1. Need the failing condition index for Phe473 against (1) assigned to a loop (DSSP other than H, G, I, E, B); (2) farther than 24 Å from Leu403 by Cβ, just the number.
2. Does region 634-649 include one or more residues that are under 21 Å from Asp304 (Cα atoms) and among the hydroxyl-bearing types (Ser, Thr, Tyr)?
3. Of all the residues that make up region 200-216, how many are in a loop (DSSP other than H, G, I, E, B) and either without any contact (Cβ under 8 Å) to a residue 40 or more places away in the chain or among the small types (Gly, Ala, Ser) (or both)?
4. If a residue counts only when it is over 25 Å from the mean Cα position of the chain (by Cα) and more than 28 Å from Pro542 (Cβ to Cβ), which strands (runs of 3 or more DSSP E) contained entirely in region 1-117 have at least 2 such residues?
5. From the list Asp115, Asp120, Asp107, exactly one residue is more than 16 Å from the ligand (Cβ to nearest atom), more than 26 Å from Leu431 (Cα to Cα), acidic (Asp, Glu) and surrounded by fewer than 21 Cβ atoms within 10 Å (Cβ to Cβ). Which is it?
6. Filter region 160-184 down to the residues that are among the charged types (D, E, K, R) and within 16 Å of the ligand (Cβ to nearest atom) and list them by number.
7. Starting from residues that are charged (D, E, K, R) and within 30 Å of Leu233 (Cα to Cα), keep the ones in region 302-354 and report whichever is farthest from the chain's Cα centre (by Cα).
8. Just to be sure before I move on: is Asp393 farther than 19 Å from His278 by Cα, in a loop (DSSP other than H, G, I, E, B) and among the acidic types (Asp, Glu) in the structure I sent?
Amino acid sequence: MIEKYSFGQPIDTGAVVLTISQSAQPFHLMQLTKSDKGIALSCQMNAEDVVYGLGEQVRGINKRGFTYISHATDDPFHLENKHSLYGAHNFLILSRKNGGSFGIFVDDPARVVFDVGETDMDRLSITAGCDCAIYTIEGGSLKEIVKQFRELVGTSYIAPKWAFGYQQSRWGYACAEDIREVVKGYHDKGIPLDAVYMDIDYMENFKDFTVDAEKFPDFEQFVQEMRAQGIHLVPIIDAGVKIEEGYSIYEEGVQNHYFCKDEDGEDFTGAVWPGKSHFPDFLNAKARAWFGGKYKLLMDQGIDGFWNDMNEPAIFYSEKNLKQVMEEVAAMKDENLDLHLFYHMKGLVDGLSNNEDDYRRIWHNMDGVKVCHDQVHNLYGYNMTKAAAEAFDQIAPEKRTLLFSRSSYIGMHRYGGIWTGDNASWWSHLLLSIQQMPSLNMCGILYTGSDIGGFGADATEDLLMRWLEFGIFTPLMRNHAAAGTREQEAYRFAQTKDFRNIIRMRYSLLPYIYSEFMKCALKNEMYFRPLAFDYPQDAHAPQVEDQLMVGDSMMIAPVYRQNATGRYVYLPQEMLMVRMRSPEDRSFQRMEQGHHYVDVALNEVIIFIKKGHMIPLAAVDENVRSTADLDDVQYEWIGFAEPTAEYVLYEDDGISKQYTPQSEWKKVVRTKEQLAL
Ligand code: GLC
């Protein structure tokens, strides 16, 4: 049951799609205190209670023991002490062992603080602003609470099927030749690939919707050349628009007042990649329609996928703040910079980026209403992505277009996916990405994945391999790295055969991955789930932080530690372990419920299939260079027949928006003898 409680005059964030009227009963699930600063909610947590959710955040699946702040932030250091990452996903479930579990969604686009037992280990405290709407969901299992929430916020974005193939990116592919080389690198080694990303390097001086003609002579032809090889090119679009006379996007934005204003009513100036920039007012419907329409410039040249970036918005510095800081630093020129003065100076310079005072200087015109940015900060990236998605509905209404964003808020999940931003090539970030997935899925974000191999720092061969072994299960499977780091395309390493086999496993598993993704999207369910969601009676399941249920039939237990040749795995029920060294080289072992130590060599993937379940596998011979080459008629089935195994297969054309209705999903049943070995 969903209850709604409104406080003050909430801003319409568009997160919720159902009409729910104010609850007739007083707010009772938590203690409520109102003050002129906002509202505070608080409740006791018992020792065994678990808190799930909050989407893109640091730390584990169980969020207890830390404070999380919803405040979209461009911070590339995803460390344990960080309170905010790029998204704001204000939904959590307090799972109570003895009944009374509930979900709560705080629909407030400004800063919201979730103190999940940090100040007081036994208390959950939430603080939000004076104007917000709170939705509570009670009754039923964890899965049912999530389903109700997801119905409340609307169905998730669905990517085209090709975007479930393997994708390669790197900040630094400087020209068409670089991209050709990457594609050749993959094809020469027989590794399938569906997309190559174009980072900021493709633009003319970092100007949105331009393509540098020197680096990409005849871009349209290049897009076709790549498509002929099965490759989709996916350009980045940044939030900041370069200030430059003669640049049409800048000029149109200024003329039509499509940019955010500063406190004096001038177009707000902050710097990003191109230096001084203006920021489109994505909270204004006209500005959204205008900016969205610009994607057509690239779509007309054959582009059918985009990633939206720097949309927290990231601001290196604002013109005004920079001037003040420069003056203050200049005044220190002849000083003896002692401890205090040195750190003061350093703080001034470090504090230039993503500065709170700047966010308070930015103003939106929300369709006639002037709103200060800090009140709606978390909606900016969401509305940039909405701008693109709404435009796609006009430009290519019949087709799915790939779209994902760095910053997000619940509601954006209807328009695009997200990637989890600038992680690093650290083993701890492989684990973090495993743990983020179910939390994101709870909040409706299904098309997601992390930068495989890690973005910052140098990836080692074993890290990339282990990360790919997890990445073959994430809907967005993209290897991406920062400029200046070690090149980490899979074909560059010595163990090419193993990399090829792991990526081929993705293509082999694709019928399952896609079918499960689609069923979850259409039924408002989670594709990745913590074990406790499927095994609510299992006392140990809430303890498991490094295994996930993937779709309806499978559990995974990735290896995420360097030099580990195996790991402990907990089986909540009897399952069939499938050990795969390639799509063809697999062995099976039935395993009892309970704890096991399992050897997992560096080049192996293990999956666990539930009793009575099976999964479809596609053949991936040397002719399969991308998803387009996959045989989607004939599958091999592997599984755990007892005495039969079943699977509900979702299929469609992978590109149109004519999704197959549930009545036409195919139930397939096999006996043990009919299953492949
Ligand atoms: C940001 C993005 C990253 C991208 C870089 C350059 O850091 O998060 O993915 O490569 O900008 O555009």
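1. (2)
2. Pass one, region 634-649, residues under 21 Å from Asp304 (Cα atoms): none.
Checked against the condition, which is being under 21 Å from Asp304 (Cα atoms) and among the hydroxyl-bearing types (Ser, Thr, Tyr), region 634-649 yields no hits at all.
3. Keep residues of region 200-216 that are in a loop (DSSP other than H, G, I, E, B), which gives 203-216.
Remaining after also requiring either without any contact (Cβ under 8 Å) to a residue 40 or more places away in the chain or among the small types (Gly, Ala, Ser) (or both): 203-204, 210, 212-214.
Counting residues in region 200-216 that are in a loop (DSSP other than H, G, I, E, B) and either without any contact (Cβ under 8 Å) to a residue 40 or more places away in the chain or among the small types (Gly, Ala, Ser) (or both) gives 6.
4. Working: elements: 2-7, 31-35, 38-44, 50-53, 66-70, 91-95, 102-107, 112-116.
Qualifying strands (runs of 3 or more DSSP E): 2-7, 31-35, 38-44.
5. On the way: Asp115 fails: more than 26 Å from Leu431 (Cα to Cα); Asp107 fails: surrounded by fewer than 21 Cβ atoms within 10 Å (Cβ to Cβ).
From the options Asp115, Asp120, Asp107, the qualifying one is Asp120.
6. Within region 160-184, the subset among the charged types (D, E, K, R) is 161, 170, 177-178, 180-181, 184.
Correct list: Arg170, Asp178.
7. At the first step, the residues of region 302-354 found to be charged (D, E, K, R) are 304, 309, 312, 319-320, 323, 327-328, 333-335, 338, 346, 350.
Right, trim to within 30 Å of Leu233 (Cα to Cα) and you get 304, 309, 312.
Working: Asp304: 19, Asp309: 12, Glu312: 14 Å.
Going through the qualifying residues, I end up with Asp304.
8. Values: farther than 19 Å from His278 by Cα: yes; in a loop (DSSP other than H, G, I, E, B): no; among the acidic types (Asp, Glu): yes.
No, not satisfied.
The values are calculated or read from the model by the stated rules, or taken from the named source; none is laboratory data. Here the structure is a predicted model, which means the values were calculated and not measured. Please note: Cβ atoms are built from the backbone with ideal geometry, for glycine as well, and neighbour counts cover all protein chains shown.
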